[in-house]
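Before any comments, here is the structure.
The values are calculated or read from the model by the stated rules, or taken from the named source; none is laboratory data. Just so it is clear, the model here is predicted, and its values are computed rather than measured. Positions of Cβ are backbone-derived with ideal geometry, glycine not excepted, and every protein chain shown enters the neighbour counts.
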Amino acid sequence: MIYLDFEKDIKELDAKIKEIQDEKKPDSKKIKKLSDKRDEELSKLYSNLSSWNRVQVARHPERPHAIDYINGMIDGFIELSGDRMFADDNAIIGGIGYLNSTPVMIIGQEKGHDTETRLKHNFGMSKPEGYRKAIRLMDLANKFKLPVIFLVDTAGAFPGADAEARGQAQAIASSIQKCFDLDVPSICVIIGEGGSGGAIAIAVANTVMMLENSVYSVISPEGCASILWRSQDHKEDATKALKMTSHDLLELGIIDNIIEEPVGGAQRDKEQTIANVKDAISTELKKLLKSPKQAKEKRIEKFTKMTRL
Amino acid sequence: MNWLNSVLRPKIKTMFSKIKDVPENMWLPCPKCGTLMYRKDLHNHLNVCTKCDYHLFLQVEDRFDSLFDNAKYTKVELNSVKEDPLNFKDLKKYKDRLSQYRNITKTQDAIEVAYGKVGGQETVIFAFNFEFMGGSMGTFVGEAIVKAAEIAVKRNAALVAIPASGGARMQESMLSLMQMARTTMAINKVRDAGLPYIVIFANPTMGGVSASFAMLGDIHIAEKGALIGFAGKRVIEQTIKQKLPPEFQTAEYLKEQGMVDIVVHRKDLKETLANVLTILMHNK
C-alpha cells in the first residue's frame, strides 16, 4: 500500500495493526479496536479531502486502471489493435465484449502499473495513432451498432516531436468529431485523471460520469501554476481555482453523475470500485438503450446547451 | 493547455510591446529581422515585414477588409455568455484581466464574426483577435463559433475560420475545454449541410484550438511561417531532451507532414480563398 502524504495517521494505525497481527498470539480485540479507529479516521479524512488531495488520489498508482475495469466488467473481451495506418498505440486500448449480456465497444486510456507496463502504455499518454485507433473502433461500433464505453485516465496527450509530426492536433480533433458522429449511445467515465485535450478526445458522450476522486481539467495544476502564478509551488491554489473535482464539475453541469468510491479511495478496494463503475454504466446504458436512435441527436443537444447562459 | 508561456510567450511579449509602442514613434521593428518599418507602410503590406516576409498579427477588421469583396461585410452581434463563470483568480482576478484587455483592444473578447461575399460566394468568416488574451478560447469564443456555423448553414454560405490562438483559456478551465467539443460539433453542422469549411491558419494556432475545429477544415490554408501545433515547442524539448529545429511546427513543416494543403503569403490569401470557394461552391 502506498500512502499519500496526508494519510500519515492511517499509515501509523495500519502499521500498529500489522504489528499485532504478526504477534504469536494476536489480540483480536485490540485489532478490531484499532481497525475501527482506522476506518473512522479514513472516513473522516476522505469526507474532507481538499481539491489537491483529490488530484493526489486520482493519480494514485494503485488505483484501478482501464485494463482492471475491462477485466472486471467485460465478459469475453476481445482486444483490437492498431490504427491501420501507422502503429498500435497501447496508451489507448480497446475492444469488443459483453457488459452483462449487451455487446459493447470499450475504449480506455491505460497508464500501466509498473515500469514495464508503464513504458508499454507510455504512461497513458497517447500519440496520434492512439486516437486514430479510437476513431477506427468508433467506426466499427457505428457499423455494428455497439454502444461505446470510454474510460478516461491520462495526464494528457503525449507532447513529443513524433506525435506532433504525425498530427497530434488533427488526431484529437478527429476523435472529438467521431464522438459526435456516433449513431450509437456512448458513455464516458473519468476513472482517474482527465488531462485536457488528451482526455476530451474520447470524453464526448451521451453520459459523462466521474469517479468521486477523479479530476478533469483543461491543464494540470502544475502547468497552470507555473504559467499563472509563475511557480509550481502554487499548484494547490491552481487546483482550487481550476475547479477540477467531480463535485465542482457536477455543479458546473459539465458531467452528469458522480460514481462513489469506497472509503479511503479506489486504491483501497479495487473490486468494489470496479463494481460501482459497472453498476453505474449498466444503469445508464439501460436508459440510453431505450431510445438508441436518438443518441446522436441527444448528444448534440446536450453539448449545444452546455456552458450557455 | 495554453502553451503560450512555453515557446511563444517571449515572442508574444515583444509583439505586444512593439505594437503598443507604435503610436508614439510610428516606426515598428520587425519581431523577426528587426528592420524598422514605417507603420503606414507595414499596414499597406497587410502587416507583413517588407524585408523578411514575417507575418505580424493582422487586426481582425483589416482581415475582414482584405478578404471580403470590396471590403463589404456585415458584422454579427455575438451572444453574451456568463462572465468569469468560475470566479477565477490567480495573481490577478480574471474579471480584471478581461476589463484590461477590453480597454486595450476595444473589443469584447478574442473573436469577431462577419458575413459577406468572397470571390462572389456567400461566406461567413470568424477571426481570432490574438491581442485579446493570446486569442485564447473560452465560452465567448466557443459560442461565437457555434453562431458563425449556424449562420453559414442558414445563409447557405461557406464558413471560413481564421484562428490565431495559444489554445484554451485557462481562466475558464473546464468550460473552455468544453468549447473544443462545442466548436467541433458546430462545424459538423456545416459539413452535414454540404457547405465548405476552410481554415486559414494564422500565427499561432496551438493547443485546444488546433486540436478541435481548426484541424477539421475541408481545405487548410496557412499563412507563411505561422506556428501550428498541439504542444508548445519548449514542452516538447523538455520531454525529448533535444533541441528542435527552427522550422518545427511552422506552416511549411505542417505542409510537408501532410497537415496543410496550401501555404500562402498574406498578399495572395484573398485570391487563393476566392478561387477555392468558387470551385467548391460551384453548385450552390
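Some points to look at:
- Filtered residues of region A:130-162 (kept if within 13 Å of chain B (Cβ to nearest Cβ) and over 21 Å from the mean Cα position of the chain (by Cα)): A:GLY160, A:ALA161, A:ASP162
- Region A:37-62, subset of a type outside the set (Gly, Ala, Ser) and assigned to a loop (DSSP other than H, G, I, E, B), residue nearest to A:TYR216 (Cα to Cα): A:ARG59
- Qualifying residue in region B:203-219 (condition: under 13 Å from the mean Cα position of the chain (by Cα) and of a type in the set (Asp, Glu)): no
- Pick from region B:230-264, criterion buried (at least 22 other Cβ atoms within 10 Å of the Cβ) and within 25 Å of B:LYS189 (Cα to Cα), ranking: farthest from the other protein chains (Cβ to nearest Cβ): B:VAL260
- From A:ASP22, A:ASP27, A:ASP5, A:ASP14, residue being buried (at least 17 other Cβ atoms within 10 Å of the Cβ) and either on the phi > 0 side of the Ramachandran plot or of a type in the set (D, E, K, R) (or both): A:ASP14
- Residue within region B:182-193 that is crowded, with 24+ Cβ neighbours inside 10 Å and among the acidic types (Asp, Glu) present: no
- Residue match in region A:147-161 (condition: touching a strand residue (DSSP E or B) at 6+ places or on another chain (Cβ under 7 Å) and part of a helix (DSSP H, G or I)): no
- Residue in region B:100-110 that is free of Cβ contacts under 8 Å to residues at least 60 places away in the same chain, buried (at least 21 other Cβ atoms within 10 Å of the Cβ) and over 27 Å from B:GLU247 (Cβ atoms) present: yes
- The one condition in (1) farther than 16 Å from A:ARG54 by Cβ; (2) β-branched (Val, Ile, Thr); (3) in contact (Cβ under 8 Å) with a residue 12 or more places away in the chain that A:THR245 fails to fulfil: (1)
- Segments classed as helices (runs of 4 or more DSSP H), wholly inside region B:25-126, with at least 2 members that are β-branched (Val, Ile, Thr) and at negative phi: B:94-105
- Residue in region A:118-135 that is touching a residue at least 60 places away in the same chain (Cβ under 8 Å), within 19 Å of A:PHE180 (Cα to Cα) and touching a Gly at 6+ places or on another chain (Cβ under 7 Å) present: yes
- The single condition among (1) surrounded by 23 or more Cβ atoms within 10 Å (Cβ to Cβ); (2) within 23 Å of A:PHE303 (Cα to Cα) that B:ALA157 does not meet is (2).
- When the residues of region A:279-301 are filtered to those that are out of contact with any Asp or Glu (no Cβ under 7 Å at 6 or more places or on another chain) and within 20 Å of B:VAL190 (Cβ to Cβ), the one that is nearest to the other protein chains (Cβ to nearest Cβ) is A:ILE300.
- Contacts under 6 angstrom Cβ, first residue in region A:258-278 being closer than 23 Å to A:TYR3 by Cα and crowded, with 21+ Cβ neighbours inside 10 Å, partner at pLDDT 95 or above and β-branched (Val, Ile, Thr), 6 or more apart: A:ILE259/A:VAL277; A:GLU261/A:THR273; A:GLY265/A:VAL57; A:ALA266/A:THR273
- Among residues of region A:205-227 being within 7 Å of chain B (Cβ to nearest Cβ) and not in a strand (DSSP E or B), the one that is nearest to A:THR283 (Cα to Cα) is A:VAL218.
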